[in-house]
1. Let me have the 222 nm mean residue ellipticity of the protein assembly as shown computed from DSSP H runs of 4+ only, each contributing -39500 (n - 2.57), with the sum over all residues rounded to the nearest 500.
2. Each residue of the range A:118-126 in turn: what ³J(HN,Hα) in whole Hz from Karplus with 6.51, -1.76, 1.60 and θ = phi - 60°, glycine and Pro shown as x?
3. How high is the FRET efficiency between residue B:236 and residue A:40 when r is their beta carbon distance and R₀ equals 35 Å, given to the nearest 0.05?
4. Per residue, how much accessible area does the range B:33-256 have with a 1.4 Å probe, in Å²?
5. If I take R0 = 35 Å and measure r between the Cβ atoms of residue A:85 and residue A:194 in this structure, what FRET efficiency does the formula 1/(1 + (r/R0)^6) give, to the nearest 0.05?
6. Taking just the alpha carbons, could you work out the radius of gyration and Dmax for the protein assembly as shown, both in angstroms?
7. Sorting A:175, A:197 by accessible area (1.4 Å probe), largest first, what list results?
8. Summarise the accessible area of the range B:1-142 (1.4 Å probe, protein heavy atoms) by the percent that is carbon and sulfur.
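The values are calculated or read from the model by the stated rules, or taken from the named source; none is laboratory data. Quick caveat, the model's predicted, so the values are computed rather than measured. Positions of Cβ are backbone-derived with ideal geometry, glycine not excepted, and every protein chain shown enters the neighbour counts. For the accessible areas, the whole protein counts, side chains as well, though only heavy atoms, and no ligand, DNA or RNA atoms are used. Shrake-Rupley method; radii C 1.70, N 1.55, O 1.52, S 1.80 Å.
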Amino acid sequence: MAKEENRIIVEHVYKSFDIYMDKANSLKEKLLFWNRNKKEKREVLKDINLTIKNGEAVGLIGVNGSGKSTLLKLMTKIIYPNKGKITTNGKLTSLLELGAGFHPDFSGRENIYFNASIFGLTKKQIDERLDNIIEFSELGAYIDNPVRTYSSGMYMRLAFAVAINVDADILLVDEVLAVGDQHFQEKCIAKMKELKEQGKTMVFVTHSLGTVKDFCNRAIWLNQGEIQMDGEPEPVIDAYLKATT
Amino acid sequence: MNLVKDLYNYRELLKTNIKKDVGGKYKNSVLGVLWSFINPLLQIAVYALVFQVILKSDIDNYTVYLCCGLIPWQYFSSVVLRGAATIIDNGNIIKKVYFPREILPISVVTSEGVNFLISTIIILGFVIFGGIGLSWNVLWYFLIFAIQFIVSIGVSFIVSSLTVYFRDLQHLLGIFIQLLFYATPIVYAISSVPAGLQWIVKINPMSYLIEGYRAIFYNKTMPDFQELLIALAMGIVLCIIGYFIFKKLEKKFAEEL
């Protein structure tokens, strides 16, 4: 695959959510309050254009509510833009909130199969990766216990171990390293650096500017749904800090 | 065509999802998979008591007659009720990961189909020990099952996506299914329906399918292929409409949940 291949192309994307003042969810409410169903449109993203190339590690920064997570969700195709187009090339994994797709009554091992298959892996591919995933998660003998008995840290370790081992071309991560102990965080960062060296494309949403500086080679600052600045991490972060403090 | 490609790429998810549904259903109950037998048997007992003993139905071998209709009906009704809940139940996955959403209703229909295959043992048991016996015509079972599968896929696409936007549907469907049960020739014979009401039975694809199952198990004859063709046509129309609705509505699933 050519180095200059575009992994994610975002063209003129607009996204707005309907905010219901008093949402009528049931038939009774819909009939009784048909005229009360006021909604307000809130534009979360306005005319976003960006291209992420193969091998880039991009940090999305911005204050709360600036649209970072929405943009990331649009990239994963969990939600769809109102206008505009998003194209992704290659296999994509996302780690939005942890534990996605775990079935509480099933063991960690069964959940590895379930979760990895959500990312489109076949049984054989999962078999090959199983040992790596279990080792990375450091769950040891707990792997055969039902997931509902796990602590939140164990939960997260398992989710991260799966996401990182599915061999995706693009990894989208939303503020997840905040959980987990120091040791595991370092291990995750090290693993992500390894993936970066392998030429994987990564997009992060984070408030940890240190990580962006240390890890990313591009930073995008979103402000009120628009791209305020896009470029090398250092100048973008400096400008961001200046504007917010 | 995209759907076929997606389903192929995500076949492992489909497989684990079906396994989860089939195995997980009774995972924490003492009797486990035995419930697949106990539940329909108890229902047969209740209906047989009411319609044979109390209302004195004049159909020969009434329990066998009933069972040929009731077991396929249970497949249909679980598809509708579980199908309606499947998108909402899997909300936390839908909000976090992308995968072809169609997998959810399809795996409900398939896992319930597996349960139906298992419960068919009950029909066989009644037919063999109820003094009717088997004929080669039972092999048409797989054809009728395939048509019911197609009808179920169409119906599950519609109910699963609409319920997300209109939560009452889940409760309305419970009542609707009960009404439809009596509008389908399960506890009675189609011939005893007054001519003026026959159309209600005839617009329901399940009527033709149940007549088909009954032909091969209870009457030991070939199914009426013209009727099966009508059911198949209805199934295909339902699938097309259902898929169209599902595709239209799925884009906002994550926001509505």
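1. After summing the helix terms and dividing by the residues of the protein assembly as shown, the value is -17000 deg cm²/dmol.
2. 4, 7, x, 8, 8, 4, 5, 5, 6
3. After rounding to 0.05, the efficiency reads 0.25.
4. 43 Å²
5. Using R0 = 35 Å, I get an efficiency of 0.60.
6. 27.1, 88
7. Numbers: A:175 70, A:197 160 Å².
In descending accessible area the options line up as A:197, A:175.
8. The value for the range B:1-142 is 67 percent carbon and sulfur by accessible area.
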